[in-house]
1. Based on the Cβ-Cβ distance of GLU318 and ARG430, what FRET efficiency does E = 1/(1 + (r/R0)^6) give at R0 = 30 Å, to the nearest 0.05?
2. Going by average Cβ neighbours within 10 Å, how do the peptides 263-276, 403-416 rank, with the highest at the top?
3. If you add up the charges near GLY84, with Lys and Arg at +1 and Asp and Glu at -1, over every other residue whose beta carbon is less than 11 angstrom from its beta carbon, what do you get?
4. What spacing in nm lies between the two simple spin-label points modelled at ASN630 and ALA148, each 7 Å away from Cα in the Cβ direction?
5. A 26 angstrom limit on the alpha carbon distance is what I want to check against. Which of LYS135/LYS200; LYS135/LYS155; LYS522/LYS606; LYS522/LYS599 exceed it?
6. Cut-off under 17 Å on the C-alpha distance; same-chain residues fewer than 8 positions from LYS677 excluded. Which aspartates and glutamates are left, in chain and number order?
7. For the range 36-109 and the range 332-365, write down the distance between their C-alpha centroids in whole Å.
8. Sorted from fewest to most neighbouring beta carbons within 10 Å, what does the list CYS152, CYS361 look like?
Amino acid sequence: MLGVMMGTMAMAASPTPHPFGWEDMFAMVRLSDPRPSPDGRWVLFTRVQYDIEANRGNTDLGMVSIDGKLSRRLTRDPAVDTNGRWLPDGSAVVFLSNRSGSFQIWRASLDGGDPERLTDFPLDVDGFELSPDGKRAVFWSAVFPDCADLACSQKRLADRAASKATGRIYDRLFVRHWDSWADGRRNHLFVTSLPVTNGKTPVDLMAGWDQDAPTRPFGGPEEIAWAPDGQSIVFASRPPLNEAWSTNVELYRVAADGKSRPALLTGDNPATDTRPVFSPDGKTLAYLAMQRPGFEADRLHIVLMDVASGKKNPLTHEWDRSVEDLVWAADGSLLYVTAQEHARQKIFSVEAGSGQVKPLCEVGRNFSLTLTRGGTLVFLRDRMTHPAEVFELDPATGRVSQLSRENEERLRTVRMSEPEDLWFESDGSRVHAWILRPVEARKGQKVPLAFLIHGGPQGSWLDDFHYRWNPQFYAGAGYAVIAVDFRGSTGYGQAFVDAIRGNWGPGPYADLMAGLKAGLQKLPEVDTARMCALGASFGGYMVNWIAGQDHPFACLVTHDGDFDVESSYYNTEELWFPEWEMTGPPWEKPEVYARNSPKANVSRWKTPMLVVQGGLDFRVVETEGLSTFNALQRRGVPSRLLYFPDENHWVLKPQNSRLWHQTVLEWLDRWTRTTRKSAR
């Protein structure tokens, strides 16, 4: 129906590149988890390609040679194949697959032949990491903590499913988290030999523990580290005490044979400790730590711990950047890290002795760092104009090479807008924004504007390729785009992040309006009577806030945004977040919640608004979206509700995403009086 959204249909009809649209975005192959081979000749990665009509993704393993000249698919099964890891001799890859009906560990030889199943446990294996010698794996599964083995958890689940009583009893939080109700199970770490022989039972390293490793809902293999000698494992886990209002994540060390209980390593820090990585000689453990309890967006700095003595050295305590990826150099003299800086995610080296930081790669978003045998870095890079591909960086020379080209042919069929940096002043701070011009704008033609507001609020409009909030979608649809990193955004120093605390409404609004003014000076082609503001999560909250201000927008789109900050506190799951952001719980700081709630200005709402809400969103629950829609309808404001009963805080399913983009674009077009051609 909408020409801009029919990208892949146009591919077959004409070789002429067309403006980027939703179909083009979802046609891109999504890469993750690059893993160099032990001999340094290949890079293994996970690739996901979506079948839109089947409404699912196909997940397989791919490989590219280190010179970028050769590529191959290692798996092509209709099932999910992911989490690929090399055996130490490089002869085969061990991976996770559900091709047998449940997720188990498999092995595929590089010489060909059918993959071999290595485990057949009664529960799904949710993820794993191989031991240094490749003979064992530490894996995690969701189990009942009081169960002695996996079979016990399987039986209890079966008994529950057979019961006609459906009620659940809770004595503490969490009751639900992100998009799932708590059912008494916890992620536990197990060690098993590979392959499993003689029905040998895996060892539960956390037997009886009522806590998760990896942490929920987003923790993964980055929270687990084998010691180089294979004798112990360090992992991150959140203690159960005050779990819903504490950001305390601890590191523990446990013997790989499970004969002793995990030992606490970071009990001196009541804030987050995570991402453990052993030095090559096993003598030093590097990890990331925050300082302030209760604050999930505090700066992550590197700590080095002497394994023998437990002595800790805060290596980057003075560097005003928050570290993400963390990799040791082969000789242990350096660490390679990624950190956000000025709307990019850059690669830096950090001297292990002095903490001196040196930038190595400053273009785009660089992530998933790994080290090759030759000492080069392999990683993923994306930009607003390019999905993620595998790249290599030689730290010695600074040379960067693109290895994989999974999306090259698809990119040749589309035209995109070249993003432009914009810096401006707001309340004494230097603030960054992106501007994008419409792909097919003609000289002298007036165009509408999509004003995008990111979530978080501790987030950023990075130079990356986003699959939900992609500015290129709007530029391809004929809209100019302005996207501002208001106060609270990451990558500009911790003081800028902290500036939003207790000041969700007026502060960011001032930055956004200053950014709009600066952007319009750079975009004289924008028709200021045809501008719409859009946002999700905090961006949705801010759209609700904007609705009650004297703003210049012709329409608004709010997705999963707070309507009443106080009621949202009582409905959400991670209570530490509003308690930090509003400087306390609502019974202690009622005035902070009141002055930051969009509902206070509902009497001024008059701008047409599209409301989007996910039914499985337990972060910003559906009553917030319904409250927003109720207020709009009762006041007679033109409004529409798009409700997804099967989506969480994000819209992820392909056909739901298609409907989301179609509905949003139709709303924008309606209120900006924009007409477009029918489908090509």
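A short reminder: the numbers here are calculations on the coordinates, not readings from a lab. No experiment lies behind these values; they were computed from the predicted model shown. Please note: Cβ atoms are built from the backbone with ideal geometry, for glycine as well, and neighbour counts cover all protein chains shown.
1. Details: r = 21 Å, r/R0 = 0.70.
That gives a FRET efficiency of 0.90.
2. Highest-to-lowest ranking by the protection proxy: 263-276, 403-416.
3. Spelling it out: positives minus negatives among the neighbours equals +1.
4. With each label placed 7 Å out from Cα toward Cβ, I get 5.2 nm.
5. Over 26 Å Cα-Cα: LYS135/LYS155; LYS522/LYS606; LYS522/LYS599.
6. The qualifying aspartates and glutamates are GLU23, GLU440, GLU666, ASP669.
7. Rounded to whole Å, the Cα centres lie 29 Å apart.
8. Least crowded to most crowded, the residues run CYS152, CYS361.
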